Amino acid sequence: MQPLKILHLLSQRPDSTGSGIYIQAMLREAANRGHANFLLAGIPSGQEPSLEGVSEDSCEFVRFDGGDLPFEIVGMSDVMPYPSKRFCDLTEAEVNNYEDCFAGKLKAVVEFFKPDIIHSHHLWVATSVARRNYPGLPMVASCHGTELRQLHNCPHLAKRIVDGCQSLDGVLALSQVQKKEVANSYSISRGHIHVVGAGYNAALFFPVRKPPPNPVQIVYAGKLNRSKGVPWFLGALGHIDDLPWQLHLIGSGSGPEKEECLQMARKLGKRTIIYGALSQPELATIMQGAHLFVLPSFFEGLPLVLLEALASGCRLIATALPGVTEVLGGLETDYVRLVETPRFHGIDQPFKEDEALFQENLSHAIREQIEAIIRQPEIDHAQIEDQIAAFSWGRVFEKIEQVYRQVIYN
């Protein structure tokens, strides 16, 4: 089939967070299939990213923090793993400046690259700007889940965002649950929303022989904040002092929530190794040496890190969020343990009276898995190979490529 010219659009850093991993996978898989890529993304001024699947002369950036825009990158999460500004804190003048800057960069790129299709990320401001400026150019957008929370946090921005996103040729959703949420929140026809899932890099994340479980190696990787459930996870570990474990705490954050997490981790003493943010190859190495991965999050679309951990031969403990249960709930194995979340007010703020029970349930699940690992350090990977194979980035891109051609040629 004829190669495509694909313009990839992301309003924040393409070398960090889940959406960054996703867009790097799109660049890599598209290049492997002979397509031509161009990337327009947001970066901090003076910090050029290193990327696969796209050359330096096929990239353009909106530079924040003193470059094209005077403020820090505006994050799709209110707490990012790097210095950022929140959308809810932008003045109207700043929002207009943000839109004008992305529109100007986009105009230059479209005139130069002449794409067959735009693949944007997040149903949010930059996507809406692109659609309003190029209504006749085929365009799809990936929903990562964080925009659904931002719609709740920024109702004053909703109209300008929804008006643009409603006319997209296609939306790529992570799960059936998310498809329903997008249809309801953006009034987009379900026929235009395609569930393609998300993936892991099978060249990096694969099982090797696990070390002896003395101690059991436990990994958390993600943002260090409360919405990821980290304080309750660390509190749960603090109550398990009669079993051998070691925690690898991977990730970054900002502000008082990050400091709260780090203080709690340090109180666990030598049993905890604190890393900060790691590259994908570095994370893969730690995953391969780990027995158990824990993600106690209060809000997720489909966390890629769970797929990476499972592909690396780790047992899993995760919260029973809709996107998680849709993918992992069908695994008929004791390697995956889902823990009920507390009740929330707002989107991800637990009721105070539910916090102790949530932490207790986490502690119980961790204890069960540690005891199981001591009995049997290795999992039977053959039991889950078929399920996780569907989530390799190669398989995910095959579905996305079909959507590309459908919206271009139909």
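Please verify whether the range 376-390 includes one or more residues that are of a type outside the set (D, E, K, R), touching a His at 6+ places or on another chain (Cβ under 7 Å) and closer than 30 Å to residue 215 by Cα.
yes
Quick one: would you say residue 336 is under 21 Å from the mean Cα position of the chain (by Cα), in contact (Cβ under 8 Å) with a residue 60 or more places away in the chain and surrounded by 13 or more Cβ atoms within 10 Å (Cβ to Cβ)? Spell out the reasoning first.
Working: under 21 Å from the mean Cα position of the chain (by Cα): yes; in contact (Cβ under 8 Å) with a residue 60 or more places away in the chain: no; surrounded by 13 or more Cβ atoms within 10 Å (Cβ to Cβ): yes.
In short, no.
I'd like the residue in the range 9-18 that is over 14 Å from residue 393 (Cβ atoms) and in contact (Cβ under 8 Å) with a residue 60 or more places away in the chain and, out of all such residues, is surrounded by the fewest Cβ atoms within 10 Å (Cβ to Cβ).
If we take residues in the range 9-18 being over 14 Å from residue 393 (Cβ atoms) and in contact (Cβ under 8 Å) with a residue 60 or more places away in the chain, then 16 is surrounded by the fewest Cβ atoms within 10 Å (Cβ to Cβ).
Which is within 26 Å of the chain's Cα centre (by Cα) and either of a type in the set (Phe, Trp, Tyr) or surrounded by fewer than 19 Cβ atoms within 10 Å (Cβ to Cβ) (or both), of 93, 158? Show your work before the answer.
Details: 93 fails: within 26 Å of the chain's Cα centre (by Cα).
Of 93, 158, the one residue that is within 26 Å of the chain's Cα centre (by Cα) and either of a type in the set (Phe, Trp, Tyr) or surrounded by fewer than 19 Cβ atoms within 10 Å (Cβ to Cβ) (or both) is 158.
Which condition breaks for residue 405 when tested against (1) over 17 Å from the mean Cα position of the chain (by Cα); (2) under 26 Å from residue 17 (Cβ atoms)?
If we test residue 405 against (1) over 17 Å from the mean Cα position of the chain (by Cα); (2) under 26 Å from residue 17 (Cβ atoms), just (2) comes out false.
Only one of (1) surrounded by fewer than 21 Cβ atoms within 10 Å (Cβ to Cβ); (2) of a type outside the set (A, V, I, L, M, F, W, C); (3) touching a Leu at 6+ places or on another chain (Cβ under 8 Å) is not met by residue 354, so which one is it?
(3)
Just one of 299, 293 is closer than 18 Å to residue 234 by Cβ, hydrophobic (A, V, I, L, M, F, W, C) and in contact with a helix residue (DSSP H, G or I) (Cβ under 9 Å, 6 or more places away or on another chain); which is it?
After ruling out the rest, the residue left standing is 293.
How many residues are modelled with pLDDT under 90 and either under 12 Å from residue 217 (Cα atoms) or surrounded by fewer than 17 Cβ atoms within 10 Å (Cβ to Cβ) (or both) when one looks only at the range 364-392?
Of the residues in the range 364-392, 9 are modelled with pLDDT under 90 and either under 12 Å from residue 217 (Cα atoms) or surrounded by fewer than 17 Cβ atoms within 10 Å (Cβ to Cβ) (or both).
Residue-by-condition table, conditions (1) more than 30 Å from residue 300 (Cβ to Cβ); (2) out of contact with any Leu (no Cβ under 7 Å at 6 or more places or on another chain); (3) in the same structural domain as residue 161 (by TED's automatic domain parsing); (4) in contact (Cβ under 8 Å) with a residue 12 or more places away in the chain:
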site	(1), (2), (3), (4)
68	yes, yes, yes, yes
73	no, yes, yes, yes
77	no, yes, yes, yes
82	no, yes, yes, yes
98	no, no, yes, yes
116	yes, no, yes, yes
128	no, yes, yes, yes
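Taking the range 135-157 as the search range and keeping residues that are assigned to a loop (DSSP other than H, G, I, E, B) and not small (Gly, Ala, Ser), which one is farthest from residue 409 (Cα to Cα)?
For the range 135-157, the residue satisfying everything is 154.
Can you find a residue that is within 20 Å of the chain's Cα centre (by Cα) and more than 18 Å from residue 184 (Cβ to Cβ) anywhere in the range 144-155? Spell out how you get there, then give the answer.
Let us first name the residues in the range 144-155 that are within 20 Å of the chain's Cα centre (by Cα), namely 144-153.
Imposing the further condition that a residue be more than 18 Å from residue 184 (Cβ to Cβ) reduces the set to none.
There is no residue in the range 144-155 that is within 20 Å of the chain's Cα centre (by Cα) and more than 18 Å from residue 184 (Cβ to Cβ).
Taking into account only those residues within the range 179-188 that are more than 27 Å from residue 136 (Cβ to Cβ) and out of contact with any helix residue (DSSP H, G or I) (no Cβ under 6 Å at 6 or more places or on another chain), which is surrounded by the fewest Cβ atoms within 10 Å (Cβ to Cβ)?
Looking at the filtered set, the residue picked out is 184.
Take residue 175 and tell me if it is modelled with pLDDT under 95, among the small types (Gly, Ala, Ser) and either at positive phi or in contact with a Gly (Cβ under 9 Å, 6 or more places away or on another chain) (or both).
yes
The values are calculated or read from the model by the stated rules, or taken from the named source; none is laboratory data. Just so you know, these numbers come straight off a predicted model, no measurement behind them. With ideal geometry, Cβ positions are generated from the backbone for all residues, glycine too; neighbour counts draw on all protein chains shown.
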